[in-house]
Amino acid sequence: MKTLSFINLKGGVGKTISAANVAHILATVHGKRVLLVDGDKQGNTSQYFRLYGEQDGTAALLMDPARDVLETIYSTQYKGLDVITSNMDLYAADRAIYEDVERDTSGALKAALRCVGADYDYCVIDNGPAVDTVALNVLMASNDVLIPVRPDDFSFAGMADLVEQIKSAQAENPALNLAGAFFTHWQNRDTFKQARQALEESGLCPVFNTAINYNPKISESTFAGAPLCDFAGRSWAAIQYKKLVAEYLKS
Ligand SMILES: Nc1ncnc2c1ncn2[C@@H]1O[C@H](COP(=O)(O)OP(=O)(O)O)[C@@H](O)[C@H]1O
Ligand SMILES: [Mg+2]
C-alpha cells in the first residue's frame, strides 16, 4: 500500500476536494483498492461521501493502539473505495496526545494502517490546515505528499514553512517524498502565470503540470455529496483531476 497525503497549512486551498477526488479516481478509473482517511476534525471528506457521523474513525486509531482498524473502515457506494471517517473527536484526540508527554504517539496512525496494508493499493489522507499531532502522525505514515495551492501571494507565504516541516519529518520517516505542488482554483490570467513561475523558480518543490481550474461544479459537487466523476463526469474539473492522477502515477 502506498500512502499519499494532501497537506497545506492553509484552509480552503482544495485539500479535501483533491484527496476525495483523487481517491475516487484511483478506485473507479484505475481499478485500485483505495482507503481514504479523513484527517480533519471538520470531517468534510466524510461528508462528501455521506459518511459523517458519531462512529469511531481516525481519532480512535490515534487514541487507542489496540483499536481494530477494520471496525473503523466504512465502504462507499463506489467499488474499491473505503473511508475512515473523522469528526470533532479528532480535536479531543489531538489535545490528549499533545498532553501525553509520556508516550511517543507519532507512529500510531502508521501502525494502524500497516494492519490493512495488504488490503489496499493506495491510502489517501486528507488533512486539516495545521501542523498538529494528527498531521505529524500523517507525515510519519505517508510515502508521498501533495500540496494543493491557490495561486495568490498569501498561499506562498506558508509554503517554505510547510516544506521545512516535511523535511524535518523525513529525518524520522525516510520513505517520505514531497511529490509536488499543484494549482487549484486556476484561471488563465497573467498574475496566475506569474505565481506559477515564481513557485517553480523558488525551487521549493516540484510543480505538477496539471492545474485544476476554478470551476463552480466543484462546490456544487459538495452539496450533491458526490465526487466529480460521478456528479459531472464530463466537466473540466473531472477531466483535470483525472489528468492529475495520471501525472501523479507516472511521476
Ligand atoms: N478548483 C476549484 N474551483 C472552484 N471551487 C473549488 C475548487 N477547489 C475547491 N473549491 C471549493 O473551495 C472550497 C475549499 O475547498 P476544500 O477542498 O474544502 O479546501 P480545504 O480542504 O483545503 O480547506 C470548497 O468550498 C470547495 O468546494
Ligand atoms: Mg478540508
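Only the coordinates and a few stated rules stand behind these numbers; no lab work does. Everything numeric here is computed off the predicted structure, so don't read it as measured data. No Cβ is skipped: glycine too gets one built from the backbone with ideal geometry, and neighbour counts run over all protein chains shown.
Across all Cα pairs in the chain, the calculated P(r) in 5 Å bins from zero up to the longest distance comes to 1, 6, 15, 19, 21, 17, 12, 6, 2, 1, 0 percent per bin.
Straight-line cross-link partners of Lys217 among the aspartates and glutamates, defined as a Cα under 20 Å from its Cα and at least 8 positions apart when in the same chain: Asp230.
When each of the peptides 80-93, 164-177, 107-120, 16-29 is scored by how many other beta carbons lie within 10 Å of its residues on average, the order from highest to lowest is 16-29, 80-93, 107-120, 164-177.
When the alpha carbon coordinates of segment 22-159 are projected onto the principal axes, the ranges are 44, 43, 27 Å, largest first. Based on C-alpha pairs under 8 angstrom that are at least 6 apart in sequence, segment 99-224 has a relative contact order of 23 percent.
Using the Cβ of Leu178 as centre and a radius below 14 Å, the other residues enclosed give a net charge of -2, where K and R count +1 and D and E count -1.
Compactness of segment 1-54 was expressed as the Cα radius of gyration divided by 2.2 N^0.38 Å, which yields 1.14. Max-minus-min Cα coordinates of segment 78-182 on each principal axis give 40, 40, 30 Å, with the largest extent listed first. Around the Cα centre of segment 2-250, unit charges on the Cβ atoms of Lys, Arg, Asp and Glu (plus for the first two, minus for the last two) sum to a dipole of about 1100 debye. For Asp230, what is the net charge nearby, where nearby means another residue's Cβ is under 15 Å from its Cβ and Lys, Arg count +1, Asp, Glu -1? After counting each charged neighbour, the total is +4. Structural descriptor for the chain: relative contact order 25 percent, calculated from alpha carbon pairs under 8 angstrom and at least 6 residues apart.
Result for the chain in a Gaussian network model with C-alpha springs under 10 Å: among Phe49, Phe156, Phe182, the largest mean-square fluctuation is at Phe156.
Between Leu204, Leu228, Leu178, the residue with the greatest mean-square fluctuation in the GNM of the chain (Cα pairs under 10 Å linked by springs) is Leu204.
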